[in-house]
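S.K.: Before I ask anything, here is the structure I am working with.
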Amino acid sequence: MALIEIDDVRKTYQMGDVEVQALRGLSLRVEQGEFVAIMGSSGSGKSTLMSILGGLDRPTSGRYRLDGADLSTLARNELAHARNAQIGFVFQSFHLLSRTSALENVELPLLYAPGISGRERRARALEALTRVGLAQRSDHRPNQLSGGQQQRVAIARALVNRPSLVLADEPTGNLDSKVTVEIMALLQELNDSGVTIVFVTHEPDVAQYAKRKIVLKDGEIVSDAAVEERAFAAAPAGGAS
């Protein structure tokens with residue numbers, strides 16, 4: 001059974017008197033352990049698709065199953081629980097709380113997880129920071145960290161609930177080329193350890209770090225193929241800049 005199963009998903013938005021079809025009968029399978037890049041020009045439907053994959057939006061019609069559960073039929077509170085338990089999010093602008101430490105930022109998703117003590121929450125957050133090479137910066141606030149380090153904190157936060165799927169929306173969009181390579185090296189390393197990753201990018205060279213590339217146009221998949229001449233990056237010692 002695929003981790004992600006999308007069958008004939010359509011999403012229509014009402015813009016005044018005009019109906020906008022963001023997704024037009026899209027079907028997609030992603031297996032456990034895949035590393036998928038989604039590309040497409042503005043208006044292609046990639047942001048809408050990511051919102052549906054993340055349980056942040058519902059399809060107008062069609063079905064979305066995540067690890068066998070039909071997310072398109074869940075009540076709002078059930079959807080929020082499934083999202084928190086199974087999906088980790090990484091955003092272009094990091095979305096870190098400025099007045100809290102890296103460790104406290106990573107702990108945040110666990111505040112909504114039942115049955116986890118403060119001690120376990122802290123231990124799991126430190127474990128996630130260690131995994132991204134930032135344990136030594138756990139007490140630093142975001143303004144004391146570089147852009148690459150802030151994105152590593154965001155990735156640690158996405159991992160702390162041990163999700164079955166990590167979704168990343170332009171994860172290198174605010175980073176320079178050197179730090180982009182470091183972040184993609186980290187994502188490759190996480191994927192090699194078994195984490196399923198789906199990310200959006202508008203940069204062809206960044207998409208080359210994935211194993212599979214899907215291109216959208218006008219709400220439909222126009223290309224879905226294994227990445228040829230895949231790029232590989234070595235993770236730097238001591239964490240990203």
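S.K.: Charged (D, E, K, R) and in contact with a Pro (Cβ under 8 Å, 6 or more places away or on another chain): which single residue out of GLU170, GLU203, GLU182 fits that description?
M.R.: Matching residue, one of GLU170, GLU203, GLU182: GLU182.
S.K.: OK, next. With the range 137-241 as the region, which helices (runs of 4 or more DSSP H) entirely inside it contain at least 3 residues that are touching a strand residue (DSSP E or B) at 6+ places or on another chain (Cβ under 6 Å)? Even if it seems obvious, please write down each step before you answer.
M.R.: Numbers: elements: 147-159, 177-192, 204-207.
Qualifying helices (runs of 4 or more DSSP H): 147-159.
S.K.: Does VAL106 qualify as being among the hydrophobic types (A, V, I, L, M, F, W, C), within 22 Å of PHE199 (Cβ to Cβ) and not in a helix (DSSP H, G or I)?
M.R.: No: the conditions fail for VAL106.
S.K.: Please go through the range 130-148 and give me each residue that is under 17 Å from the mean Cα position of the chain (by Cα) and either of a type in the set (A, V, I, L, M) or more than 17 Å from ASN191 (Cβ to Cβ) (or both), ordered by number.
M.R.: VAL132, GLY148
S.K.: Here is a further query. Within the group LEU111, LEU56, which residue is of a type in the set (A, V, I, L, M), farther than 30 Å from ALA231 by Cβ and surrounded by fewer than 19 Cβ atoms within 10 Å (Cβ to Cβ)?
M.R.: Just one listed residue meets the conditions, LEU111.
S.K.: Would you kindly identify the strands (runs of 3 or more DSSP E) lying entirely within the range 24-102 that contain at least 2 residues that are without any contact (Cβ under 8 Å) to a residue 60 or more places away in the chain?
M.R.: Ranges flagged: 61-66.
S.K.: Take the residues of the range 10-48 that are of a type in the set (Val, Ile, Thr) and over 20 Å from the mean Cα position of the chain (by Cα): which is modelled with the highest pLDDT? It would help to see each step written out before you state the result.
M.R.: Of the range 10-48, the ones of a type in the set (Val, Ile, Thr) are 12, 18, 20, 30, 36, 38, 48.
If we keep only those that are over 20 Å from the mean Cα position of the chain (by Cα) too, we end up with 12, 18, 20.
Working: THR12: 95, VAL18: 91, VAL20: 89.
The qualifying residue modelled with the highest pLDDT is THR12.
S.K.: Picking from GLN21, GLN14, which residue would you name as being touching a residue at least 24 places away in the same chain (Cβ under 8 Å), on the phi < 0 side of the Ramachandran plot, surrounded by fewer than 21 Cβ atoms within 10 Å (Cβ to Cβ) and not in a loop (DSSP other than H, G, I, E, B)? Don't jump to the end; show me each part of the working.
M.R.: Details: GLN14 fails: touching a residue at least 24 places away in the same chain (Cβ under 8 Å).
From the options GLN21, GLN14, the qualifying one is GLN21.
S.K.: Which one is farthest from GLU5 (Cα to Cα) among residues in the range 69-87 that are polar (S, T, N, Q) and buried (at least 17 other Cβ atoms within 10 Å of the Cβ)?
M.R.: Step one: of the range 69-87, the residues polar (S, T, N, Q) are 72-73, 77, 84, 86.
Retained after the next criterion (residues that are buried (at least 17 other Cβ atoms within 10 Å of the Cβ)): 72, 84, 86.
Details: SER72: 11, ASN84: 19, GLN86: 15 Å.
Result: ASN84.
The values are calculated or read from the model by the stated rules, or taken from the named source; none is laboratory data. Note that this is a predicted model, so its numbers are computed, not measured. No Cβ is skipped: glycine too gets one built from the backbone with ideal geometry, and neighbour counts run over all protein chains shown.
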